[in-house]
Structure formats: C-alpha cells, structure tokens
1. Report the relative contact order of the chain, percent, no decimals, based on alpha-carbon pairs under 8 angstrom and at least 6 residues apart.
2. On average, how much accessible surface per residue is there in region 281-321, in Å², for a 1.4 Å probe, leaving out ligands, DNA and RNA?
3. Would you grab the residues whose amide H sits under 5 Å from the one on Ala22? Only those 5+ places off in sequence or on another chain, please, with H modelled 1.01 Å from N.
4. Given the whole protein assembly as supplied and a 1.4 Å probe, what does the accessible area of Val337 come to in Å², nearest 10?
5. Rounded to the nearest 10 Å², what accessible area does Ile103 have for a 1.4 Å probe in the complete protein model?
6. Kindly report, to the nearest 10 Å², the accessible surface of His14 as traced by a 1.4 Å probe over protein heavy atoms only.
7. For mean projected area of the Cα convex hull in nm², the listed values are (i) 26.2; (ii) 20.3; (iii) 36.4; which was obtained by calculation from the structure presented?
8. Tell me, what is the FRET efficiency for Leu46 and Trp92 to the nearest 0.05, using R0 = 41 angstrom and their Cβ-Cβ distance as r?
Amino acid sequence: MGAPPGYRPSAWVHLLHQLPRADFQLRPVPSGFAPQEQEYQQALLLVAALAGLGLGLSLIFIAVYLIRFCCCRPPEPPGSKTPSPGGGCVTWSCIVALLAGCIGIGIGFYGNSETSDGVSQLSSALLHANHTLSAIDHLVLEMVERLGEAVRTELTTLEEVLEPRTELVAAARGARRQAEAVAQQLQGLAFWQGVPLSPLQVAEDVSFVEEYRWLAYVLLLLLELLVCLFTLLGLAKQSKWLVIVMTVMSLLVLVLSWGSMGLEAATAVGLSDFCSNPDPYVLNLTQEETGLSSDILSYYFLCNQAVSNPFQQRLTLSQRALANIHSQLLGLEREAVPQFPSAQKPLLSLEETVNVTEGNFHQLVALLHCRGLHKDYGAALRGLCEDALEGLLFLLLFSLLSAGALATALCSLPRAWALFPPSDDYDDTDDDDPFNPQESKRFVQWQSSI
C-alpha cells in the first residue's frame, strides 16, 4: 500500500507498536489496531490499569513511610531545641523534588501544545477535504443544471427555428442527445453527494473534544504549578498551615497525575497501533460509514499506479460528448445562420454554455484526481501520528515527573514540618500589637513601674 506523501511511521510508533499486549486473562493480543474487538479493548485498559497499580504502590509507600516516621522516631528530650540530624537534607530533597516537578510542568505545557497542534492539523485536513468534496458536488450540480437549461430553452428554440430543414433539425437533436448524455455522466461524478459521513462534522467533533482536553490539561498544569510554588513558599516562610494545606493538595494532584498517565499511556499505545499501518482500518471504517465502493476509496486513500481512476470512463465519455456538441454547433452555425438568421442567438448562447461547461469540466477533472484528497489524508496522518503522538509522549513524561516529585514531596513535607520552630504561629504578628504576648508582658511591667 502506498503511504501518503510525507508520512512515514516514526521510531516512536515502531517502538510502541512492538510492546507486548495482553487481555485480562493475560493472553497475548495482536498489536494490530482493532478497537472494536473486546480483547484489544482489554489490552488498552490493562495498559491504563498499570498507572492505577503505580498509584496504589506509591500511596502504600507514602503511608508506610509516614507511619514509620510518626511512630518509630525516638522521643526528643523535653525542652530540646536542637534540630534533628538530617533535617536540612530532608528540606533540600523536598525543594529539589518540587523544582523537578516545575520542570515537568514546563514539559507538560510543551506536550499539551504539540498535541493541540497535531489535532488542529487533523481538523484542518478534514476541513480542506470537505471543501474539495463540496466543490466537486457544486461543480457537477452547476454543469448539470446549465446543460439541462440549455436543452430546455436554447436547443428547443433552435429546433423550432430549423424545422424547415430536416437535416439541420437532426443535427440539433444530436446535440441535444449529447448534452443529455453529458449530464447523465456528470451526475455519477458527485460520488460524495448524499453520503451520511461529513468531514466537516468530524472536524467539528474533533475540535470540540480537543478544546476540552486542552483546557483540562492546562488546569491540571496550573494546579500543580500553584501547589509547587505555594509549597516552596511555605517551606521558605516555615508556615505550618500552608504546608499542611499544600500536602493535602499534593495528594490530590498525585492522584490526578497517575490518572492522566494511564490515559496517556493507553492512548499512545493505541495510536501507535493505528499509525503503524493506518490504510486498512481507514478504508474499512470509511466504507462502513459511507457505503462507497472500495474502488473509489482505494483510489483516494492509496493514490498509486496500482489503483486506476474509477471515474476515468465517465470523464472520457463526457469529454468526447462535449467535443461533439462543440463541433455540431460550429456546423450548425455555418449551415443554418445564413438561411435562418434567427438561429444565431440560440447558437451563440449554446456555444457560451458549452465553453463554460468545458472550463468547469477541466476544473472538475483536477478536483477528482486523487492528489488533492490524498494530500489531505497525508496531512491528517502527520498531524495525528507525529505531532499529536509526540505531544502525548511529552505529557506522559510530565505525568511521570509529576508523580515522582509529588511522592517525594509528600514523604518529605511532614519531616520538614516537624523541624519548624514552635513560634511559627507568632512570626507574622506585629511587635506593636498589644495582643502579642511579648508586648503584653512589657506593657504590664511598664504599668507596675509607674
């Protein structure tokens, strides 16, 4: 099968396509793209479930670590203000983890943008294909209506004018038959007319889903960025309440990160299976949705020398019929106008109709060639299988960094919180505030001295 122009499966597609797959019974599943089969659906769900397993293990590890920290640490001597050994290392490990999370957020923004660009390229290709198909239907309808109008008016008038000359009437009727034959042949060229599948509707649906996907990831990225920044602020200010709130938020974002990782992994694996050999699936799906013949679909999706143009016979017959109409009108103009001057006006109108129809016909031939629609097909595949897949992999890396950074922070924050000085609650109080305990004590001493 001929690959679309400019599209070749990337190394990432080959690598992900080679990963083993299994269903819920751990039986091997072929890596061919078959989303309608239950075994293949189970294989993708199992890939997504690996992220759930990772979330469960990370939560268990965090819980065990925190229980050990809370219950197994040695008691501190009363009144001891000496920080426990390794406290600075714990704080710095938390800071480094949060900074790594910020780097992952930058990677996530880039991946989200790349994915959006790939989907936008897919939508643009679908819109351009819809424009081409609509232009074909419009040209066919216009030419058929123009020829039908010429048969009903100009040719009928010409036959009435030339009625005294039988041979001239026969020539006019021959032009009529040729015009009707051209109209009949042209009607078969509007192959997308009446098809229930609209590329415009598909593009709108894809854009609608992509808009909400992009917005959801932006909100997730901003949420994690705020958690990282406010956690760093809490560590810098040694604010216990801020660190406690950010610890809860970190746990929430950790769950969201693992969940997004599962969706990204399953989507990337399924997309790699599709992109490794997209032609068979696209051909079968389009044939089921449109009911068009496999010859037409193969011509446009493959566009190689092995597949002939299914409209070539109709185009050839239409071109010959238009040439015959043109020659018959020229013959009538030479023979009939000198004897029947009133025939000149319908003949000139018919010649103009034939000339316009020939110009539209050449434009129709160019639109019906497989190059244009096949180019749109290649652009759609490049957007989906290159930019969108690359963006998904960057989002997968973001989720992995985010999960690791937040898990490390959740283990470090309670230990860092325990190192904060006990006067944390009074750090932000004003020295001149009479409700400040130190200021109140000085005020009492001043009164007693008086």
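1. Values: 498 pairs, mean separation 163.2, N = 450.
Result for the chain is 36 percent.
2. Values: 2350 Å² over 41 residues.
About 57 Å² of surface per residue is accessible.
3. Amide H neighbours of Ala22, under 5 Å, 5+ apart: Val29.
4. 30 Å²
5. Probe radius 1.4 Å; accessible area of Ile103 about 110 Å².
6. Here the accessible area works out near 100 Å².
7. Step by step, mean projected area of the Cα convex hull in nm² for this structure corresponds to label (iii).
8. Values: r = 39 Å, r/R0 = 0.95.
Using R0 = 41 Å, I get an efficiency of 0.60.
The values are calculated or read from the model by the stated rules, or taken from the named source; none is laboratory data. Treat the numbers as computed from the prediction; the structure is a model and nothing was measured. Cβ atoms come from the backbone with ideal geometry, glycine included; neighbour counts cover every protein chain shown. For the accessible areas, the whole protein counts, side chains as well, though only heavy atoms, and no ligand, DNA or RNA atoms are used. Shrake-Rupley method; radii C 1.70, N 1.55, O 1.52, S 1.80 Å.
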